[in-house]
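Everything on this sheet refers to the single structure shown next.
Every read-out reported here was derived from the displayed coordinates using simple, explicitly stated rules and does not represent laboratory data. Here the structure is a predicted model, which is why all the values come from computation and not from measurement. Here the Cβ positions follow ideal geometry from the backbone for every residue, glycine too, while neighbour counts run over all protein chains shown.
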Amino acid sequence: MAVVDPNDDLICRYVVQSYACDPERHERRHQVVVAFDNEQELMALINARQEELERRRAAGEVLPPPEHYSGVVLEPGYRRRTALARLVWKAAGRRVSLSEVTLERVDWHPDVGFFWSAARQHRPGARQ
């Protein structure tokens, strides 16, 4: 088993997650169990954990229906791009103006998209 750091943003990580109650936050959410460097180990652990949940349910243990295991692939740079997108989202919420050139220079997360409004602004001396 090649276990890797799930927070190492320089490598591709195959992360096993558990959807269960987080006692610290008092809510159900995905929690990182472990990260691997290949998909086969990810799938083997997910299948083993799912079978364990099914055995516990079959034995009569009461578990919440949404509790399950899943996996996600985090490409190199995922956390950096996600943090940058979150920063721009917050800036836009505060009506900070960012230029098109600035936004185009950044290596964005594939799920991030932008729309620009081409509204004319009144500037002294500009033709209307």
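A compact table of results
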| quantity | calculated |
| --- | --- |
| Residue among L63, S18, W108 farthest towards the positive dipole end of the chain, charges placed on Cβ | W108 |
| Cα-based Rg / Dmax (Å) for the chain | 21.9, 79 |
| Stretch gain in nm, segment E51-R105, where the contour uses 0.36 nm per residue and the Cα spacing is subtracted | 14.8 nm |
| Volume per residue of the C-alpha convex hull in the stretch 38-94, rounded to whole Å³ | 92 |
| Nearest 10 degrees, 0 to 90: helix 39-58 Cα axis against the chain principal axis | 60 |
| Cβ-based exposure ranking for V106, V96, in which fewest neighbours within 10 Å come first | V96, V106 |
| Degrees separating the helix 78-93 axis from the principal Cα axis of the chain, which is the longest one | 50 |
| 12 Å beta-carbon shell around R81, net charge (K/R +1, D/E -1) | -1 |
| Pairwise label distance in nanometres, A44 with H26, each label 7 Å out on the Cα-Cβ vector | 4.1 |
